[in-house]
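Heads up: the structure comes next, in structure tokens.
Coordinate-derived values only; no laboratory data. Source: prediction; values computed, not measured. Cβ coordinates were reconstructed from backbone atoms using ideal geometry, including for glycine residues, and neighbour counts include every protein chain displayed.
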Amino acid sequence: MRLFLPTLFITCLSLPAQAQLSPNGATASFKGSLPPKAVAPLSADEEAATEKKLAALETRFARVKKHPRSADAAIFLKAVRYALDFDEWYDKKPQDNLKKVNALLEEAGRRIAELQKGRTPWMDGPGQKVLGFYSRIDDSAQPYGVEVPEGLEVGKKTVPMWIWLHGRGDTTTDLNFVYSRLMAKKPGQFQPAGSIVIHPFGRYCNGWKSAGETDVFEARDDAIARFHVDTRRIALAGFSMGGAGAWHLGAHYPDQWACVHTGAGFADVKRYQKLTPDKYPPAYEQTLWGFYDVPDYARNFLNVPLVSYSGENDAQRDSAEYMMEVLGKEGLKPPHLIGPGMGHKYHPETIKEVQALIEKEVAGGRNDFPDEVHVQTRTAFYGRVKWMNLHGLEESWKDARLDARVLDGSTLKIDTRNVSRIVLYPPPQVRKGGDKLTVKIDGQELVLKIGPVLPKFENFLSPGPRVPDSLCRLIKEGGQWRDFGNSTPFQHEGPEGGKGGAHPGPMDASFMKRFLVVLPDGKSTSAAVDAWVEAESSHFITRWRSLMRGDVRVAKASEIKDVYEAGKTQSLILWGTPESNSCIRALLPALPLEWDARKVGLKSKPAFDAATHLPALTYPALKSAGFEVVINSGLTFREAHDRTNSLQNPKLPDWVIFDITQPPGPEAAARVVATDFFDDRWQVK
């Protein structure tokens, strides 16, 4: 069941390569909404004619939807549909907007016709291409661009790949992105020899975070499957917003790349926003800066080569200079090339040096089994690196570190800080002692049983086939480490297992993977509560569509026959109260809530009037399945935060009590009267 609701308010930014940022991180092009208001709308007759053409193509497309490459056509239909629905007309003349629409519809028609014959000729040969895939998050068709150089024979041998993250563009919605990739006449910023370059869409304009983060990996994996890519020779690079994305994805996923290149991008919130104590947000929001702030993950760059670039006169240079200081404290001195006399763009000669450094690292390839692995994080969500997984923290949102080193053919040395659980796959170089592995960890010595060799293991993000007993597990209890065994996995979620990597909170983390919105199937005692739920659920669905460029999967609670079964394959985003939503009512015994028609509150905490107050929270009520529920919340960053990607971060922790007598606005859904994180056993503090 799919819903479309009227546009509310939305927001993003445009950043050409030469633009300078204002001190607050915004650009002059930002007009206070994402997507922005139309510049030159189509006439009513032009829109009607476009609707007619689109409807006819959508009917034809339905007959090829099951083709494995149908997303290559769906991206064109979706781009025109969204442009119509949101009035995304940003050229100065209506005829130029119409030109783009007609070009996309014509290409959609050609591709549908070829798909009906079982062919995909747009994949053949070199040149610029625009392709699509269906996202696992919401089944939406998402586009990405590809550059295949002349002389590269795809399929004959594995090839390197660069992932280029684009800069900010508040008008770079589907229509403009797809058209630009379809009509591209010149290559992108880099043209590495013998390599393909892909250009993810990144779900529009969110700084390569949230669903934009997932989009990079989904585009990567789709390109790997199509172009016979050597998975160990993939470089990540970007400039401006893309440079910020490269800092973020490089630091949080250091085991995925042969090299990371960061060009002129921000790295943290406080410094980039030039915040002084009088302007700090609430303490819990400052804590949540640790979800994305790159300095908190700096040590991870010990695992991957890094090449940075800044223009000599670019205001963004400060971020890179600061990161060089932070990295220096970890013993790292990566190259930071400066473009002489340059503002916010590459120097034509310095960029050649940058490319040569990246190509050298890519040629060597990524090492999946190095003798040393280093992990730094503030949440188990980003605890996986190479053959080590920092699976749990003693205290989330504080600095946690794990350093593992091969001592000899049967011994590992591990040093930890603020770590409670570890999962590891013994690398080949420590399997010389038969089925035994000695682990020297924090002054203790343990002997573990080594399980079978995995037929494919690149890292914990792409572990390949599951093989029982193949992973070793360590748990820290009472200050002492012990072998948790190979055959019994940690109970990833819930009080027994604590906050594991699958779901450590906060609420926003659930929107980076597959989710289902479940709307009420009844009414509550409070008309005010019902009105808030209807307005805020509608706001989230529309905001997801306009900002994250996908149609939310939606069901009514009455359509969910077994809430526990439904939660095995997806996060459940439940809206309402135990009175109005039968799924919330069914889960209430498993939630840390006291909630009826009169009062609502966290167990052991003060209760509030349920007629004017509502909880929002995330909790692993489905701990046996490893998935979670979110109640009464969508993305917690809102329209006011879209003026700069540095503010598009989680704004609320694991649970909150809202006073809904304060109406929703561009900064908050309601007034927060109580909020906190659950502890690392998912208990109320």
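A few remarks follow.
- Panel values: region 380-483, Kirkwood radius from alpha carbon pairs, Stokes-Einstein at 25 °C and 0.890 mPa s, translational diffusion coefficient 175 µm²/s.
- Beta-bridge orientation, region 380-483: approximately 90 percent antiparallel, per DSSP, counting only bridges with both partners inside.
- Once backbone amide H atoms are built at 1.01 Å from N, Ile573 has Leu516, Val517, Val518, Val630 as its partners under 5 Å, excluding neighbours fewer than 5 places away on the same chain.
- Note, ³J(HN,Hα) from phi for region 278-289, Karplus 6.51, -1.76, 1.60, rounded to Hz, x at Gly and Pro: 5, 10, 5, x, x, 4, 5, 6, 4, 4, 6, 4
- Under the shape rule built on the C-alpha gyration tensor, where the axes satisfy a ≥ b ≥ c, region 125-364 is prolate, since a/c reaches at least 1.5 and a/b is greater than b/c.
- Taking Cys472, Cys205, Cys259 and counting other C-beta atoms within 10 Å, the order from fewest to most: Cys472, Cys259, Cys205
- Candidates Val148, Ala62, Gly118 compared by Cα position along the dipole of region 62-173: farthest toward the positive end lies Gly118, with charges placed on Cβ.
- Per-q log10 I(q)/I(0), the chain, q = 0.08, 0.09, 0.10 Å⁻¹ (Debye; single scatterer per alpha-carbon; no solvent): -0.62, -0.80, -1.00
- Two-site label geometry, Ser558 and Gln662: point separation in nm, points 7 Å out along Cα→Cβ: 3.6 nm
- Structure note, pairs Lys37/Lys270; Lys270/Lys513; Lys360/Lys440; Lys129/Lys157: Cα-Cα distances above 26 angstrom occur for Lys37/Lys270; Lys270/Lys513; Lys360/Lys440.
- Sorting Asp255, Asp85, Asp562 from the fewest to the most surrounding beta carbons within 10 angstrom yields Asp562, Asp85, Asp255.
- For Arg232, Arg220, Arg203, the sequence from fewest to most other C-beta atoms within 10 Å is Arg232, Arg220, Arg203.
- Gap separating the Cα centres of region 228-271 and region 169-200, nearest whole Å: 17 Å
- If only the Cβ of Lys and Arg carry +1 and only the Cβ of Asp and Glu carry -1, the dipole of the chain around its Cα centre is close to 1200 debye.
- Karplus 3J(HN,Hα) series, Hz, for region 147-157 with 6.51 cos²θ - 1.76 cosθ + 1.60 (x for Gly, Pro): 10, 10, x, 4, x, 8, 9, 5, x, 6, 7
- For region 424-437, backbone phi angles converted through the Karplus equation (6.51, -1.76, 1.60; θ = phi - 60°) give residue-by-residue couplings of 9, 10, x, x, x, 6, 10, 9, 7, x, x, 9, 10, 10 Hz, Gly and Pro being listed as x.
- Where both bridge residues fall in the chain, DSSP classifies roughly 65% of the beta bridges as antiparallel.
- Taking each DSSP H run with n ≥ 4 as -39500 (n - 2.57) and averaging over every residue of the chain yields -7500 deg cm²/dmol at 222 nm.
- For region 125-364, share of DSSP beta bridges that run antiparallel, in % to the nearest 5: 35 percent
- Spacing of the two label points (7 Å from each Cα toward its C-beta) at Lys440 and Thr525, in nm: 6.5 nm
- Placed amide H near Leu165: partners under 5 Å, 5+ positions off or other chain: Ala237, Gly238, Phe239
- Per the Kirkwood formula applied to alpha carbons, region 612-685 shows a radius of gyration over Rh ratio, Rg over Rh, of 1.01.
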